[in-house]
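What follows is a short report on a single structure.
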């Protein structure tokens, strides 16, 4: 990645709320730039939500033209129905990324926490505290946890590509 600019699409997958972030890493300097972040929300049945998510991911890819997709791995909870819906969301996201020729990387929650905070067992508040120290973020804009998580996923990918 030396002297090459790379754009990373970071995703914190969910079907009610989806964290989306696009960062740019210039190989000639060490600081990433945040190009876009949002917490995308969906409503309706799972099929409406999947359609909305697919459309939003496609629009984001077409607007920012990222080089790689970084996504958080599926965290299995006690609620299997939720886990299945998140798995379907991940499939839609992966489909859109592959349609646009993007490689896909995945990181577990402990990997993301370790990359961002230095501690794989840290909590959400530690990520929210560390992200603005790692990448310039407009402090006046209120962000949802999912958005911080998507930025953290993208930063983890950037760290692995150094």
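Every number in this text was worked out from the coordinates using simple rules, so none of it is lab data. Remember, it's a predicted structure, so these values are computed and weren't measured experimentally. Glycine gets a Cβ as well: all are built from the backbone with ideal geometry, and neighbour counts include every protein chain shown.
By the beta-carbon count within 10 Å of each Cβ, the least crowded to most crowded order of 37, 122, fewest first, is 122, 37.
Here each label is just a point 7 Å from Cα along the line to Cβ, and for residue 45 and residue 65 those points are 3.9 nm apart. Only one item in (i) 11.3; (ii) 9.1; (iii) 9.6 matches mean projected area of the Cα convex hull in nm² derived from the coordinates shown, and that item is (ii). Straightening the chain between residue 35 and residue 81 buys 13.2 nm, computed as 0.36 nm per residue apart minus the Cα-Cα spacing. Counting only alpha carbon atoms, the long axis of helix 80-99 and the longest principal axis of the chain meet at about 60°.
Once both labels are positioned 7 Å from their Cα atoms along Cα-to-Cβ, the gap between residue 137 and residue 160 label points is 2.1 nm.
In this rough spin-label picture, where each label sits 7 Å from Cα along the Cβ direction, the residue 144-residue 106 distance is 2.3 nm.
Going 7 Å from the Cα of residue 4 toward and past its Cβ, which residues in the stretch 25-65 have a backbone nitrogen under 19 Å from where you end up? In the stretch 25-65, the label zone of residue 4 (backbone N under 19 Å from the point 7 Å along Cα→Cβ) covers 25-33, 65. Beta bridges from DSSP with both residues in the chain: antiparallel share about 70 percent, rounded to the nearest 5.
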